[in-house]
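Down below is the structure, laid out as structure tokens.
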Amino acid sequence: MRSDVKKSIEHVVDMAYYYLNNESFLQILPILQIEHFLKATHINLAGNEIDDDSVLDLCDNLMQVHNNSLQELNISET
């Protein structure tokens with residue numbers, strides 16, 4: 001690989017349309033925090049049935065792992 005070419009690595013967490021409700025989302029949130037949130041650049045939770053409180057829990061988890069790479073958070077249709 002040429003030294004002047006930089007490879008962009010994206011860490012995508014795509015859970016769109018998994019039909020998660022608040023309870024199921026809160027059950028998997030600790031696993032997502034440990035396994036995926038530290039390096040996540042894109043998180044897609046569109047089309048799930050989570051409310052504002054669950055989104056706030058998600059934001060708290062992202063802050064706890066000190067995610068500095070998140071570029072996009074899709075919570076449309078939730």
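The values are calculated or read from the model by the stated rules, or taken from the named source; none is laboratory data. Remember, predicted model here, so these are calculated numbers, not experimental data. Because the Cβ atoms are built from the backbone with ideal geometry, glycine has one as well, and the counts that use them run over all protein chains shown.
Across segment 53-75, the number of residues qualifying as in a loop (DSSP other than H, G, I, E, B) and touching a residue at least 12 places away in the same chain (Cβ under 8 Å) comes to 7. Once segment 1-35 is narrowed to residues that are at pLDDT below 95 and among the acidic types (Asp, Glu), the residue that is surrounded by the fewest Cβ atoms within 10 Å (Cβ to Cβ) is ASP4.
Looking at this structure, is ILE34 more than 9 Å from the chain's Cα centre (by Cα) and over 18 Å from TYR17 (Cβ atoms)?
Values: more than 9 Å from the chain's Cα centre (by Cα): yes; over 18 Å from TYR17 (Cβ atoms): yes.
Against the criterion (more than 9 Å from the chain's Cα centre (by Cα) and over 18 Å from TYR17 (Cβ atoms)), ILE34 qualifies.
Looking across segment 53-78 at every residue that is in contact with a strand residue (DSSP E or B) (Cβ under 8 Å, 6 or more places away or on another chain) and not hydrophobic (A, V, I, L, M, F, W, C), the one that is surrounded by the fewest Cβ atoms within 10 Å (Cβ to Cβ) is identified as GLN71. Inside segment 36-52, residues that are outside any loop (DSSP other than H, G, I, E, B) and surrounded by 11 or more Cβ atoms within 10 Å (Cβ to Cβ) make up a count of 4.
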